[in-house]
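Participant: One structure, as structure tokens, below. Some questions next.
The values are calculated or read from the model by the stated rules, or taken from the named source; none is laboratory data. Just so we're clear, the structure is a prediction, and the values are computed from it rather than from any experiment. Here the Cβ positions follow ideal geometry from the backbone for every residue, glycine too, while neighbour counts run over all protein chains shown.
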Amino acid sequence: MADLPSIEQPDGRLRGRRRPKPSLWVSPVPYGLGETKPNHYFEILRTAWENKRHPLYAWRILSKGVCDGCALGVAGFSDWTISGVHLCTTRLNLLKVNTMGALDPRVLADVAPLRKVSGAELRDLGRLPYPMVRRAGDEGFQRVLWSEALDVIAGRIRASKAANGGSADRVGFYLTSRGITNEVYYVAQKAARFIGTNNVDNAARICHAPSTGALRKQLGIAATTVSYRDAIESDLVILWGADVANAQPVFMKYLYLGRKQGLKVAVVNPYREPGLDRYWVPSNVESAIFGTKMTDEFFAVHTGGDVAFINGVLKASFAITPRAGANSGQCSSASRSTTSSAGPAPRGQTWSGWPGCTPRRGP
Ligand code: SF4
């Protein structure tokens, strides 16, 4: 496809072309001054401040660990798709989950005032220093010994198994999808296996249930069939109901590398996410200074109008009828625009996104 193919390194990773591409610049004004944009370098400073109690530990987590943020995948500061730094503010914002100190247990003595506190403020209280229990009727949590806490949990599990003929089928683990460390997931699945149940669930499944269900029904498997590298080397990427600028920010760097070699990007969503329109990739000098226009086409379908929209796109693609998708809110001209703006795709188009799931900013 590309007139400027990306450069493959000896280790198989891709490195973008260094030659500047002013046609993609957001503005000649350095660093997007005056623009509404994320301030990545400020976020780095804030992360350093938040983790000042354990700077070496924080650095070890970043430089040697995996990410607590999303499933894009990283080892230390590198991934397996591109050369260069892989780091984003989502990961930085979660770093304090690993390094934060213990909370003052007195704030849990009465939970009534905590009902007015936001989730982020609750998390900033700190981690639990020891096991605590709130029994029915109590105003708050009381400290208990580890042995007592373990007895309570083990007793409930034993009782459940005894009531079910020795089966652990009624025992389940539910974990949030962000805000706990990967070690917690690891320990939870280990404990579940030992107890004899496979009931391990987390909030991410609910987020991805629509896409995995649709993929299984349509393709027979519940996983995507393309690699990240495919996205970089495609002619056209369509982000459908996805907000990668906030949910998987390093994917914007992949898109940037693709854009440098001619990739076109279309976004289908009810909301025009500013970060998907224009992005400043902090680890790339050209993009960090001048910004990068990330989207060529935006299609604002109404909520629930996506089926009509794709019907319209397909009809326009195959020229069955000119009355494409009249009910989607923006379709007839849009779908023809989609098919025409990208032009013929000599090598496969990549359709990306998580149907029905539009992640929002931050953890
Ligand atoms: S995109 Fe960000 S949150 Fe996701 S794996 Fe990479 S560093 Fe972590």
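Participant: Considering each of GLY179, GLY119, GLY165, GLY140 in turn, give the residue that is in contact (Cβ under 8 Å) with a residue 24 or more places away in the chain and either under 25 Å from ASP68 (Cβ atoms) or loosely packed, with under 11 Cβ neighbours inside 10 Å (or both).
Facilitator: GLY179
Participant: Restricting attention to the stretch 10-23, which residues are closer than 23 Å to GLY84 by Cα and either at pLDDT 90 or above or surrounded by 12 or more Cβ atoms within 10 Å (Cβ to Cβ) (or both)?
Facilitator: ARG13, LEU14, ARG15, GLY16, ARG17, PRO20, LYS21, PRO22
Participant: Further question: Does the stretch 283-296 contain at least one residue that is part of a loop (DSSP other than H, G, I, E, B), out of contact with any Leu (no Cβ under 8 Å at 6 or more places or on another chain), at pLDDT 95 or above and surrounded by fewer than 21 Cβ atoms within 10 Å (Cβ to Cβ)?
Facilitator: Within the stretch 283-296, one or more residues are part of a loop (DSSP other than H, G, I, E, B), out of contact with any Leu (no Cβ under 8 Å at 6 or more places or on another chain), at pLDDT 95 or above and surrounded by fewer than 21 Cβ atoms within 10 Å (Cβ to Cβ).
Participant: Have a look at SER63, SER27, SER83 and point out the one that is of a type outside the set (Val, Ile, Thr), over 18 Å from the mean Cα position of the chain (by Cα) and within 14 Å of the ligand (Cβ to nearest atom).
Facilitator: That would be SER63, the only listed residue that is of a type outside the set (Val, Ile, Thr), over 18 Å from the mean Cα position of the chain (by Cα) and within 14 Å of the ligand (Cβ to nearest atom).
Okay, residues lined up against (1) within 16 Å of the ligand (Cβ to nearest atom); (2) touching a Pro at 6+ places or on another chain (Cβ under 7 Å):
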{"position": "CYS67", "(1), (2)": "yes, no"}
{"position": "CYS70", "(1), (2)": "yes, no"}
{"position": "ASP79", "(1), (2)": "yes, no"}
{"position": "THR90", "(1), (2)": "yes, yes"}
{"position": "VAL133", "(1), (2)": "no, no"}
{"position": "ILE153", "(1), (2)": "no, no"}
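Participant: Within the stretch 96-108, can one find any residue that is within 16 Å of the ligand (Cβ to nearest atom), within 19 Å of the chain's Cα centre (by Cα) and in a loop (DSSP other than H, G, I, E, B)?
Facilitator: No, there is no match, as no residue in the stretch 96-108 is within 16 Å of the ligand (Cβ to nearest atom), within 19 Å of the chain's Cα centre (by Cα) and in a loop (DSSP other than H, G, I, E, B).
Participant: Another one. Any chance you could count how many residues in the stretch 52-70 are exposed (fewer than 14 other Cβ atoms within 10 Å of the Cβ) and either touching a residue at least 60 places away in the same chain (Cβ under 8 Å) or in contact with a helix residue (DSSP H, G or I) (Cβ under 8 Å, 6 or more places away or on another chain) (or both)?
Facilitator: 4
Participant: Determine whether VAL267 is away from the ligand (no atom under 16 Å from the Cβ), surrounded by 20 or more Cβ atoms within 10 Å (Cβ to Cβ) and more than 17 Å from LEU72 (Cα to Cα).
Facilitator: When the stated conditions are applied, VAL267 passes them.
Participant: Consider only pairs whose beta carbons are under 7 Å apart and that are at least six residues apart or on different chains; among these, list those whose first residue lies in the stretch 82-96 and is farther than 21 Å from ASN284 by Cα and whose second residue is near the ligand (Cβ under 8 Å from one of its atoms).
Facilitator: Listed by first residue and then by second, the contacts come to LEU94/ASP68; LEU94/GLY69.
Residue-by-condition table, conditions (1) at pLDDT 90 or above; (2) in a helix (DSSP H, G or I); (3) surrounded by fewer than 17 Cβ atoms within 10 Å (Cβ to Cβ):
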{"position": "VAL307", "(1), (2), (3)": "yes, yes, yes"}
{"position": "ASN311", "(1), (2), (3)": "yes, yes, no"}
{"position": "SER340", "(1), (2), (3)": "no, yes, yes"}
{"position": "GLY356", "(1), (2), (3)": "no, no, yes"}
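Participant: Suppose we filter ALA245, ALA203, ALA231 for residues that are touching a strand residue (DSSP E or B) at 6+ places or on another chain (Cβ under 8 Å), within 16 Å of the ligand (Cβ to nearest atom) and more than 21 Å from GLY275 (Cβ to Cβ); which single one remains?
Facilitator: Only one candidate passes the filter, namely ALA203.
Participant: Where residues in the stretch 24-51 are in contact with a strand residue (DSSP E or B) (Cβ under 8 Å, 6 or more places away or on another chain) and surrounded by fewer than 17 Cβ atoms within 10 Å (Cβ to Cβ), which of them is farthest from GLU273 (Cα to Cα)?
Facilitator: Only one residue tops the list, namely GLU35.
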